[in-house]
1. Output the number of the condition that Ile186 fails; it satisfies all remaining conditions of (1) out of contact with any Lys or Arg (no Cβ under 6 Å at 6 or more places or on another chain); (2) surrounded by 11 or more Cβ atoms within 10 Å (Cβ to Cβ); (3) more than 30 Å from Asp70 (Cβ to Cβ).
2. Among (1) assigned to a strand (DSSP E or B); (2) aromatic (Phe, Trp, Tyr); (3) surrounded by fewer than 11 Cβ atoms within 10 Å (Cβ to Cβ), where does Tyr215 come up short?
3. Inspect the stretch 4-15 for any residue being part of a loop (DSSP other than H, G, I, E, B), modelled with pLDDT under 85 and within 25 Å of the chain's Cα centre (by Cα) and give the result as yes or no.
4. Which members of the stretch 155-207 meet the condition of being over 20 Å from Phe120 (Cβ atoms) and assigned to a loop (DSSP other than H, G, I, E, B)?
5. Please tell me if Leu79 is surrounded by 18 or more Cβ atoms within 10 Å (Cβ to Cβ) and either hydroxyl-bearing (Ser, Thr, Tyr) or modelled with pLDDT under 90 (or both).
6. If you take the residues of the stretch 34-58 that are outside any loop (DSSP other than H, G, I, E, B) and out of contact with any Pro (no Cβ under 9 Å at 6 or more places or on another chain), which of them is farthest from Arg84 (Cα to Cα)?
Amino acid sequence: MFDSIRSVTSAAIGPLEYIARQKGTGLSIRSWVADDRRGVLFMPYSAGQIAALRSTISAWMRLAIFEAMDPREPAAQELAQTPRRLWFVVDELDALGQIDGLKDALARLRKFGGRCVLGFQSIAQVSSTYGQGDAHTIIENCGNTLILRCSASEGGGTARFASQLVGEREVLRTSISRSRRATEFIGTTSRSEHVNTEHALLASQIEQLPDLTGYLKYASQPAWHRVQLNARAAWEDLRRADAGASAPARSNERFGARIEPPGHGHE
């Protein structure tokens, strides 16, 4: 029994070895979140450290999330002139393991001024980490969605999952057939209409997307837009906004074809 407990404990406290090597000043995650100063807190790791540090980084994220949802924060925000905004950006969501409180944070963090940006490459990996139900809950609580190129598998994979997120549409197809017998001078014409339901965006189309090209949907808009990401233009707009200048309209540069929401179409 003792050997089993010691082996489990040794694996759990392994990440503390990396923390003990740090020689800088200490940092409190809760104090940093509670502070109203502007700034960015990075939690970097190398590829060789992710296996050992994933539990530690997940614990730090949990502390930050629950500190942001402190019930004292809304009262403090009412007294502040500028509403507080705290962004949690998690890339490679499945690589960090399960983050406790993330599901509740997506549903409740908004009223405390918190925002979450989650990125992942495979829905199967997220489902294996959080479970099928919690994985879908996390996806459903993300109001804005950006779909970039992703791959498919035998069961459909992430590409089919993304296609299902876009939804379906009803298409009205009209068929016209003409026939004429040898003894008839004027033939007969028949016309029929059929309403078919199909995917608005095929999984194969998502697999073939070019680099930095995808489909974007805002929570407040019913339609999906095909977008071309331009990091340089976005950075210039951000600098102009910080300087107080108006950013130029770049809708023609970033947005292209529009995918209508599920409805009726004609062919």
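1. (2)
2. Among (1) assigned to a strand (DSSP E or B); (2) aromatic (Phe, Trp, Tyr); (3) surrounded by fewer than 11 Cβ atoms within 10 Å (Cβ to Cβ), the lone unmet condition for Tyr215 is (3).
3. Looking for residues that are part of a loop (DSSP other than H, G, I, E, B), modelled with pLDDT under 85 and within 25 Å of the chain's Cα centre (by Cα), one finds none in the stretch 4-15, hence no.
4. Scanning the stretch 155-207 gives Gly167, Arg180, Arg181, Ala182, Thr183, Glu184, Phe185, Ile186, Gly187, Ala200, Leu202.
5. So Leu79 does not fit the description; no.
6. Ala51
The values are calculated or read from the model by the stated rules, or taken from the named source; none is laboratory data. Being a predicted model, the structure only gives us computed values, none of them experimental. We place every Cβ from the backbone using ideal geometry, glycine too, and count neighbours over all the protein chains shown.
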